[in-house]
1. I'd like the full set of residues that are free of Cβ contacts under 8 Å to residues at least 60 places away in the same chain and either within 16 Å of the ligand (Cβ to nearest atom) or in a helix (DSSP H, G or I) (or both), limited to region 285-331.
2. Within region 170-201, how many residues turn out to be modelled with pLDDT of 95 or more and either within 19 Å of Gln286 (Cα to Cα) or within 16 Å of the ligand (Cβ to nearest atom) (or both)?
3. Show the residue pairs meeting these rules: Cβ distance below 7 Å; 6+ apart or different chains; first residue within region 139-155 and modelled with pLDDT of 95 or more and away from the ligand (no atom under 16 Å from the Cβ); second residue part of a loop (DSSP other than H, G, I, E, B) and of a type in the set (Val, Ile, Thr).
4. Among Lys16, Lys11, Lys41, which is more than 23 Å from Phe160 (Cβ to Cβ) and either basic (Lys, Arg) or not assigned by TED's automatic domain parsing to the domain that holds Gly117 (or both)?
5. Only one residue in Gln217, Gln211 is closer than 19 Å to Phe298 by Cα, over 19 Å from the mean Cα position of the chain (by Cα) and within 16 Å of the ligand (Cβ to nearest atom). Which one?
6. Being within 16 Å of the ligand (Cβ to nearest atom), in contact with a strand residue (DSSP E or B) (Cβ under 9 Å, 6 or more places away or on another chain) and either without any contact (Cβ under 8 Å) to a residue 12 or more places away in the chain or part of a helix (DSSP H, G or I) (or both): is that true of Ala94 here?
7. Could you tell me whether region 119-139 includes any residue that is in a helix (DSSP H, G or I), buried (at least 17 other Cβ atoms within 10 Å of the Cβ) and acidic (Asp, Glu)?
8. Scan region 270-296 for residues that are closer than 15 Å to Ala320 by Cβ and touching a Ser or Thr at 6+ places or on another chain (Cβ under 9 Å) and report the count.
Amino acid sequence: MKTTLAIPVQKTTHSKLAETDFSNLVFGKTISDHMFVADYKNGEWTDLRIEPYGALDLHPANAALHYGQSIFEGMKAYKNEKGEILIFRADANAQRMNESAVRMCMPEIPEEIFMEGLLQLVDLDRNWVPSGKGASLYIRPYMFATDNYIGVKPSDTYKFIIFTCPVGAYYSKPVSVKVETEFTRATEGGTGGAKTAGNYAASLFPALQAQRAGYDQLLWTDGKSHSKIEESGTMNVMFDINGTLVTAPTNTGTILKGITRDSVIRLAKDWGKPLEERFLTVSELQEALENGTLREAFGTGTAATIAHISKINVNGKDYALPEKKSDSFSYKVLHELDGIKYGDIVDTRSWISKI
Ligand code: COI
């Protein structure tokens, strides 16, 4: 692999590869051997290195633990039949991470550091990329404050880390969701558009209530009127209503700018699929469920991929959705995206970095 940054590597003396059961991967539980680390101090990113994956030395006064300056990304690498590794839209993740950084008063990470750290790490741990359809290497870049200081202000120092995990499906079956009209994930002017830890922390309590009631996830509504569908806890959501794809816009700052969402929109546009980036109201959704015009609903996300929604609870009433069909838009889009990711379909949009 051609590299532009010389990153020192300290290899592990005990690889966990041989003891890992690749046929039985639980999402996020198995971590590969190495991690990429960079530190931010005195206004610059320094000490770039790859080292064995291991515990961090944290001070109890670490600012991220108290005030939540912490952002992350998620992306995936795939292995093709030639044993080459294909990473999907990493540049888009690098860009989104910097958008989150700006919102959270954190330093941006130069794209060269993000990409070189990522590519050199995945190249080193390339034997951790599982083969086979549905399997991939989930990549988790993240950044957090490292000042040890008990006072509310942006930290002066940060750590940026990338580690990876071989994974199977995040959702192994279709997903059931409940429209949430009491709790709020994000409001305009808040941090909903940033991929920051606190957004996920705030979602846990309401999501747990829904899970206890038998649903996998929530469908969040806007914080002001609770009348418009925004996104789900782990994915953006899309609805096919009478052949038109409807998905919430991301310009309100309340919705994560999903890269899978963007990829689906690009494909829909290229294929001439009618598309509306607008808020679907809860009452419109309920009407479409009642009168049968909702052909399908699905989530889009890096971890979730294209997740078929099988049941939606609206205003306390459960609606079963039609089974996933092989002529549905979501089926076609999943097939196309998988084809590009695993190298079976030519990547005409420059979405793949190959190592
Ligand atoms: C991803 O899809 O990469 C995410 O960050 C969602 C996470 C909850 C697994």
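1. Gln286, Glu287, Ala288, Leu289, Glu290, Asn291, Ile306, Tyr331
2. Number satisfying all stated conditions: 21.
3. As it stands, the answer is Thr146/Thr157; Asp147/Thr157; Ser155/Thr146, since those pairs meet every condition given.
4. None of the other options fit; the residue is Lys16.
5. Result: Gln211 is the single residue among Gln217, Gln211 that is closer than 19 Å to Phe298 by Cα, over 19 Å from the mean Cα position of the chain (by Cα) and within 16 Å of the ligand (Cβ to nearest atom).
6. yes
7. no
8. Matching residues across region 270-296 total 2.
The values are calculated or read from the model by the stated rules, or taken from the named source; none is laboratory data. Note that the structure is a prediction, hence the values are computed from the model and not measured. Cβ sites come from the backbone with ideal geometry, for glycine too, and all protein chains shown count toward neighbours.
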